[in-house]
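Report on the structure given below.
Derivation of every value follows stated rules applied to the coordinates shown; laboratory data play no part. As the structure is a computational prediction, the values presented were derived from the model and not from experiment. Using ideal geometry, Cβ is built from the backbone for each residue, glycine included, and neighbour counts are taken over all protein chains shown.
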Amino acid sequence: MRFLADTDVLIDAFGGVPSVVRTLDELANQGVGISIVSYGELFEGAFGSPEPERVLDEYRQFLATFPLLPLTDATMVMFARIRRELRQKGLLIPDFDLLIGATAVQHDLTLVTGNQRHFARIHGLILYQPS
């Protein structure tokens, strides 16, 4: 696996945004995984719909096509180190973004995201913008 898809990319792919679907298709042969954090972010959106159980099922089917990366002790150590560095610089980003970024750094994965502004703050994180 070489890439980690951020939640914004997954939302767009699930919604059928052609450029994002094409990007994920092009990267698929190199391996695109997702963080368990993205499950929570997507599932939260399901609870804003009139039929949350149906949407949850649709999300689960969609997410099952990607390898899943859990939060491990090593991920949490990386998260804490990065969070401390960003706090000292006054550049904190949301914790869910930090967890996804820490997962990518820990596994030496390139993060596929449309949120370049936040993730560019994480030293050592390589970013890929969907075209």
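I want the local charge near L42. Using Cβ-Cβ distances under 11 Å, sum +1 for each Lys or Arg and -1 for each Asp or Glu among the other residues. Before the final figure, lay out each step's value.
On the way: positive: R60; negative: D8, E41, E44, E58.
Local net charge: -3.
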Identify the chymotrypsin sites (Phe, Trp or Tyr not before Pro) of segment 4-57 meeting these criteria: DSSP loop state and at most 13 other C-beta atoms within 10 Å of the C-beta.
F47
Compactness of segment 3-128 as Cα Rg over 2.2 N^0.38 Å, two decimals:
1.05
What are the residues whose amide H is under 5 Å from the amide H of L4, where those residues sit 5 or more places off or on another chain and H is modelled from the backbone?
G33, T110, L111, V112
Under Karplus coefficients 6.51, -1.76 and 1.60, residue-wise ³J(HN,Hα) of segment 67-76 in Hz, glycine/proline x:
x, 9, 10, x, 8, 10, 4, 5, 5, 5
Under a plain spin-label model, where a point goes 7 Å from the Cα along Cα-to-Cβ, how far apart in nm are D108 and Q88?
2.5 nm
With a cut-off of 8 Å between alpha carbons and a minimum separation of six or more residues, what is the relative contact order of the chain in percent?
32 percent
Quick check for me: using +1 on Lys/Arg Cβ and -1 on Asp/Glu Cβ, what's the dipole size of the chain about its Cα centre, in debye to the nearest 20?
640 debye
As an exercise, identify the chymotrypsin sites (Phe, Trp or Tyr not before Pro) in segment 54-131 lying in DSSP coil whose Cβ has no more than 11 other Cβ atoms within 10 Å.
none
Relative to the chain, whose Cα atoms define the longest principal axis, helix 95-106 and its Cα axis are tilted in degrees, nearest 10, by 80 degrees
